[in-house]
Amino acid sequence: MSETPLLQIENLTQHFPVRGRGHKVVHAVDGVSFAIGRGRTLGLVGESGCGKSTCARSIIRIYEPTSGHVRLDGQDITRLSQKQLLPLRRKMQMIFQDPYASLNGRMTVRALIGEPLRAHGAAESRRDEEDRILRMLEKVGLTREHAGRYPHEFSGGQRQRVGIARALILRPELVICDEPISALDVSIQAQIVNMLRDFQQELGLSYLFIAHDLSMVRYISDEVGVMYMGQLVEHSPAEDIYAHPLHPYTQGLLASIPVPDPSLARLQDEEGLSGDLPSPIDPPPGCRFHTRCPHATGCCREEAPALRNVGGGHAVACHLV
Amino acid sequence: MSQPWARAAAAGADRERIAATPHSFGVDVWLRFAKKPTALAGLIAVLLLLACALIGPSLSPYSYDKQTLSLAGVPPVFTAVVAPEAGRYFYITPNQKIIEVDDQGRLLRQLPMAQDLFMEKRVSYRCGPQDEGLVYLDYSAAKPALLDEAGNPLAATRVLWNRTYLLGTDHLGRDILTRLMYGAQISLMVAFIAAAVNMVIGTLYGGIAGYLGGRVDAIMMRVVDIISTIPLTLYVILIKVCLAGGLVGIIVALSSVYWVDMARVVRGQVLSLKQQEFVLAARTIGSGTRRILLTHLIPNAMGSILVTATMLIPSAIFMEAFMSFIGIGIAPPMASLGTMCNDATEALRSSPYQLFLPALIICLIMFAFNFVGDGLRDSLDPQLKR
Amino acid sequence: MQHVLDIRSLHVTFHTGGGDIPAVRGVNLHVAKGECLGVVGESGSGKSVTFLSVLRLLGPTGKIETGQVDFLGRDLTRMKPAQLRQVRGGRIAMVFQDPMSSLNPLLPVGDQVGEMLWAHDKRLSKADRDARVLELLRMVRIPEAEKRLRGYPHEFSGGMRQRVMIAMALACKPDLLIADEPTTALDVSIQHQILKLLRALQAEMGTGIVFITHDLGVIAQLCSRVIVMYGGLVMEEAPIAELFASPLHPYTQGLLASIPSIRQDKARRLCPIPGSPPDMSRPPAGCPFAPRCPHVRVICTERQAPCLVFSGGARRCACWLHSPDAPADDNPFYGLAQGGERP
């Protein structure tokens, strides 16, 4: 198939100036490239500060990318003005992490879900708007009775469903999910993941699914990308990355997950990762992971490894593979 | 409990039901506000003051500017001398006139003077109903005394409440109660208009500066800095002197200055709010700047805006009173609390009540609004919400 | 085995502006000497409140209505504030979720640990104290502890700060350490380090640990016994292996089914628990889990289930379907666990 992917990111870079430190910048995202096909899901994982959320926000132009290209449906949107971008926003929506902060507490659920319709003038009439809001509410498992209520009356899971309804009411093609489940209780996380999977099948959506919980990501993703300090260090089909992680960081990350099974290997046997993240203002030269890598060599300290394909759609940025 | 072990229907809708009765943010705030005694007391005081100020003057039999010079300078409570005839009392005013009072405390008339016997340091007044008979006012001592026709001092006195003018009259014989209510009306009007104008200007200015940020914000806030470096009082006085024109002048003067605080507060709020996810969400949805500002940012900053505005009212009242006091505010015969204080300073020694009463009202207003503002701040504070 | 902590029929209510919230509604539990007890539950299950009330740290709105909290034979609910202060931090220590706000940003880290020591032993000399602080920081594996001693909290990463908090908590060799979601704010790799540290320290010092979390994975790695809470009540208590192998309560079953495992088949759908947790300002009359339970019976919606004891006292479960009175037909739980009896 030579069809153009729905979303294509090339060398996306996002630097933020550091206040009062001359020309120093925070290297939030440094040269990330990936693509998401129609109806596919890319899971982006990594620890806090690795740049995965920044990456999402640069794609949807909350931040203005420093350099690189974002192509939606083949069209380069990186340098479009906000006005030119407006019609394209219908194709691309976002679900946020914090179900408490991402809904305006002074608006009813009806107004919240209806906001995209009004911003784009998408509803033909008042009736049509109300119809579409109620249908959307039903789809996320809420009822007409909920429409007149305020977000603070809802539980976390219900709020997140309102957030999903708001993102999906315009029938976008791409939904960027920025840690949509990390603020929720365990029993609710699965509800949301199932709901997102159902919507994907029904509407043919593509997701960029960002999370730090590797086990949930596996459930929803076709492919998984692992980020470390603003760079993509490993990228492969989902099953592959869990079965054969190649990058030492991915291996460490997987080993760190506490397995909910007391009979399996307990803590002391697993290696995990040691040390802390270096400063993103002065990232280490060479491979950015070498300060914590158990296998680091002289080469790793000097030369930055490029993301190389090692077969089967599995790409990794490590000198040792 | 007929069938305790029967399967209960687990309705899907039931699982999502929200048991609480729906109420908006406003109702929530009110419930919290009503739980605070000081805030509630402040609110009641404000409402009472407003009612008195708005309805009071029209219920009063006197007008704020009608002068009854013959009954000038009578306090709300006074000590009257018992006249030789039963049921009659005489009150000696601070400027040594004699006012006849009945046993209820009603002011009847000023006694006509018969003769000024300045050699003997006494003045004779006709005191009978048909102007027969005389009383003498002896001002030889520090405290003037009344003597009957025979020259014997009338020693018996009685404390009476002023029934004609409940809070007494000022040095021009105007009813102080009416003037207080009228003055409060003017003061509150000035304060409310100034607060409303400041709220609109400050909110828009601060909102735009905060939302646009960057260079626009820097320039706009430097303008605010410049305005706030000029001493406020001086600035208001200058504007007032240039504009003259009483009431309008003072409103313009107050409105054009106080918004800087409001602008700062709103800008700060907007700066922190615009980083919140719900504003980012609105941006990714494609909502325009105007929409984001008016439906997302300002309603969420409304709490601090209201608190600041409520706190602004007492300071505007104080500023108005101050300007009127130093004589560049409301022009006579209009009354404001400040002009009343000013008028009272002349007769401060003899009639301190004339200063005390308007000063008390100013205090009351300031306290009440501060309590309301405090209560609003607490009940709007999202920290206390959970 | 001797119990360090014994909580008996604890009821805690928050009296807020929006009405009363009965956050804990009759909790019974104990912590044995030197064991690591895991407490799992979702937000609002009352797990944190239960242990905050142990040290009477509920804040102005929270009140212990009834119940007893016996710590080594002394009832903490009746203790005078001065005595309680000696217990707090001295005999019972706590580590909280947010290591960012638990440290004073204006004081060097070493001084803050030292202050903890000084507060509980005024006879300690300055030199002894400094030596002990250094020892503590080394114990929690802070690299270059001598240098870090003079550092300020902002120079420490989240994981390092949580280590400092653990050092402070262990400074006075407490009998009990209450860790309230200590790793929730941290990344997985840092969480892994902290969990390893806690395990090692427990083996070394024999301190009883109560580990409060919502993450069953963490519990499985660290704890020997688990208490599952929901809606202010204890739903189930079991030794760790048995809980994962044969959960008795429908809530525990649902919880285990809803977490995906790294090794599980991906094509299978996740089985979430439908619905939302109960609104604790209006708790359900019967079992708090009844509105979400797939096996719900009429009796469940009317009366709270008694806490039944199984496996000779090692397990507890509050579910009507395990009751000896429950009918056998259409009951998936019938005979699942033997010896259900009222305590």
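Could you check region A:254-285 and list, in sequence order, the residues that are touching a Pro at 6+ places or on another chain (Cβ under 8 Å) and at pLDDT 85 or above? Residues satisfying the conditions are A:Leu254, A:Pro284.
Being surrounded by fewer than 19 Cβ atoms within 10 Å (Cβ to Cβ) and touching a residue at least 12 places away in the same chain (Cβ under 8 Å) holds for only one residue in B:Asp102, B:Asp116, and it is B:Asp102.
Checking the condition within 30 Å of A:Ala101 (Cβ to Cβ) and more than 9 Å from every other protein chain (Cβ to nearest Cβ), which residue from A:Ser215, A:Ser279 passes? First the steps, then the outcome.
Working: A:Ser215 fails: more than 9 Å from every other protein chain (Cβ to nearest Cβ).
After ruling out the rest, the residue left standing is A:Ser279.
Within region C:313-336, the set of residues being closer than 19 Å to C:Arg225 by Cβ and of a type in the set (A, V, I, L, M) comprises C:Ala314, C:Ala318.
Which members of region B:283-318 meet the condition of being among the β-branched types (Val, Ile, Thr), within 14 Å of another protein chain (Cβ to nearest Cβ) and farther than 23 Å from A:Phe96 by Cα?
First, the residues of region B:283-318 that are among the β-branched types (Val, Ile, Thr): B:284-285, B:289, B:292, B:295, B:298, B:305, B:307-308, B:310, B:313, B:317.
If we keep only those that are within 14 Å of another protein chain (Cβ to nearest Cβ) too, we end up with B:284-285, B:289, B:292, B:295, B:298, B:305.
Within region B:283-318, just B:Ile305 meets the criteria.
The residue of region B:339-364 that is surrounded by the most Cβ atoms within 10 Å (Cβ to Cβ), among those that are under 10 Å from the mean Cα position of the chain (by Cα), touching a residue at least 24 places away in the same chain (Cβ under 8 Å) and within 23 Å of B:Ile237 (Cα to Cα), is B:Pro358. One residue stands out in region B:112-153 among those that are among the acidic types (Asp, Glu) and in a strand (DSSP E or B): the one that is nearest to B:Leu69 (Cα to Cα), namely B:Asp116.
Only one of A:Ser206, A:Ser221, A:Ser187 is touching a residue at least 24 places away in the same chain (Cβ under 8 Å), within 14 Å of chain C (Cβ to nearest Cβ) and among the small types (Gly, Ala, Ser); which?
Details: A:Ser206 fails: within 14 Å of chain C (Cβ to nearest Cβ); A:Ser187 fails: touching a residue at least 24 places away in the same chain (Cβ under 8 Å).
Within the list A:Ser206, A:Ser221, A:Ser187, the selection yields A:Ser221.
Being surrounded by fewer than 20 Cβ atoms within 10 Å (Cβ to Cβ) and more than 9 Å from every other protein chain (Cβ to nearest Cβ) is the filter here; which residues of region C:283-310 pass it? Once the filter is applied, which keeps residues that are surrounded by fewer than 20 Cβ atoms within 10 Å (Cβ to Cβ) and more than 9 Å from every other protein chain (Cβ to nearest Cβ), region C:283-310 yields C:Pro283, C:Pro284, C:Ala285, C:Gln304, C:Pro306, C:Cys307, C:Val309.
For region C:157-184, taking the residues that are out of contact with any helix residue (DSSP H, G or I) (no Cβ under 6 Å at 6 or more places or on another chain) and facing another protein chain (nearest Cβ under 9 Å), the one that is surrounded by the fewest Cβ atoms within 10 Å (Cβ to Cβ) is identified as C:Ser157.
State all residues of region A:243-259 that are facing chain C (nearest Cβ under 8 Å) and either within 16 Å of A:Cys318 (Cα to Cα) or not in a loop (DSSP other than H, G, I, E, B) (or both); if no residue qualifies, say none. It would help to see each step written out before you state the result.
Pass one, region A:243-259, residues facing chain C (nearest Cβ under 8 Å): A:252-259.
Matches in region A:243-259: A:Gly252, A:Leu253, A:Leu254, A:Ala255, A:Ser256.
Suppose the filter is more than 8 Å from chain B (Cβ to nearest Cβ) and either of a type in the set (Lys, Arg) or within 19 Å of A:Glu173 (Cβ to Cβ) (or both); does A:Gln82 pass it? Spell out how you get there, then give the answer.
Values: more than 8 Å from chain B (Cβ to nearest Cβ): yes; either of a type in the set (Lys, Arg) or within 19 Å of A:Glu173 (Cβ to Cβ) (or both): no.
No, not satisfied.
Return the total of residues in region C:194-222 being facing another protein chain (nearest Cβ under 10 Å) and either within 11 Å of the chain's Cα centre (by Cα) or acidic (Asp, Glu) (or both). Number of matching residues: 4.
Selection of region A:102-138 for residues being in contact (Cβ under 8 Å) with a residue 24 or more places away in the chain, of a type in the set (Lys, Arg) and more than 27 Å from C:Arg282 (Cα to Cα) yields only A:Arg132.
In the condition set (1) more than 7 Å from chain B (Cβ to nearest Cβ); (2) assigned to a helix (DSSP H, G or I); (3) not acidic (Asp, Glu), C:Met280 is compliant with all but (2). Region B:238-311 holds helices (runs of 4 or more DSSP H) entirely within its bounds, and those carrying 1 or more residues that are under 24 Å from the mean Cα position of the chain (by Cα), at pLDDT below 80 and surrounded by fewer than 22 Cβ atoms within 10 Å (Cβ to Cβ) map to B:246-255. For beta carbons closer than 7 Å, sequence separation of 6+ or different chains, a first residue in region C:297-322 that is farther than 16 Å from C:Ile240 by Cα and a second that is β-branched (Val, Ile, Thr) and surrounded by fewer than 23 Cβ atoms within 10 Å (Cβ to Cβ), the qualifying pairs are C:Trp320/C:Ile299.
Looking at B:Leu188, B:Leu167, which is the one that is modelled with pLDDT of 75 or more, outside any helix (DSSP H, G or I) and buried (at least 16 other Cβ atoms within 10 Å of the Cβ)?
On the way: B:Leu188 fails: outside any helix (DSSP H, G or I).
It is B:Leu167.
On the stretch given as region A:190-203, residues that are at the interface with chain C (Cβ under 9 Å from one of its Cβ atoms) and polar (S, T, N, Q) total 2. The residue that is farthest from B:Phe25 (Cα to Cα), among those in region A:104-125 that are within 7 Å of chain B (Cβ to nearest Cβ) and modelled with pLDDT of 90 or more, is A:Pro116.
When the test is whether a residue is out of contact with any strand residue (DSSP E or B) (no Cβ under 7 Å at 6 or more places or on another chain) and within 7 Å of another protein chain (Cβ to nearest Cβ), A:Ser263 passes it. A:Leu142 meets the conditions (1) surrounded by 18 or more Cβ atoms within 10 Å (Cβ to Cβ); (2) more than 8 Å from every other protein chain (Cβ to nearest Cβ); (3) over 30 Å from A:Thr4 (Cβ atoms) in every case but one. The failed one is (2).
Of all residues in region C:140-148, at least one satisfies being surrounded by fewer than 23 Cβ atoms within 10 Å (Cβ to Cβ), out of contact with any Lys or Arg (no Cβ under 6 Å at 6 or more places or on another chain), over 20 Å from C:Gln86 (Cβ atoms) and away from chain A (no Cβ under 13 Å). Taking region A:189-226 as the range and being assigned to a helix (DSSP H, G or I) and of a type in the set (Ser, Thr, Tyr) as the test, the residues that pass are A:Ser215, A:Tyr219.
The residue that is farthest from the other protein chains (Cβ to nearest Cβ), among those in region A:25-63 that are charged (D, E, K, R) and closer than 18 Å to A:Leu7 by Cβ, is A:Arg38.
This table checks each residue for (1) crowded, with 22+ Cβ neighbours inside 10 Å; (2) farther than 20 Å from A:Leu88 by Cβ.
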position: A:Gln14; (1), (2): yes, no
position: A:Ser48; (1), (2): no, yes
position: A:Cys55; (1), (2): yes, no
position: A:Ser58; (1), (2): yes, no
position: A:Ile62; (1), (2): no, no
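Table: residues versus (1) modelled with pLDDT under 85; (2) on the phi < 0 side of the Ramachandran plot.
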| site | (1), (2) |
| --- | --- |
| C:Glu242 | no, yes |
| C:Ser246 | no, yes |
| C:Asp265 | yes, yes |
| C:Phe289 | no, yes |
| C:Asp330 | yes, no |
| C:Gly335 | yes, no |
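If you check B:Ala150 against the conditions, is it modelled with pLDDT under 75 and out of contact with any Ser or Thr (no Cβ under 7 Å at 6 or more places or on another chain)? Taking the combined requirement at face value, the residue satisfies it. Counting only strands (runs of 3 or more DSSP E) that sit wholly inside region C:19-111, those with at least 3 residues that are more than 28 Å from A:Val186 (Cα to Cα) are C:62-71.
The values are calculated or read from the model by the stated rules, or taken from the named source; none is laboratory data. What you see is a predicted model; the values in this text were computed from it and never measured. With ideal geometry, Cβ positions are generated from the backbone for all residues, glycine too; neighbour counts draw on all protein chains shown.
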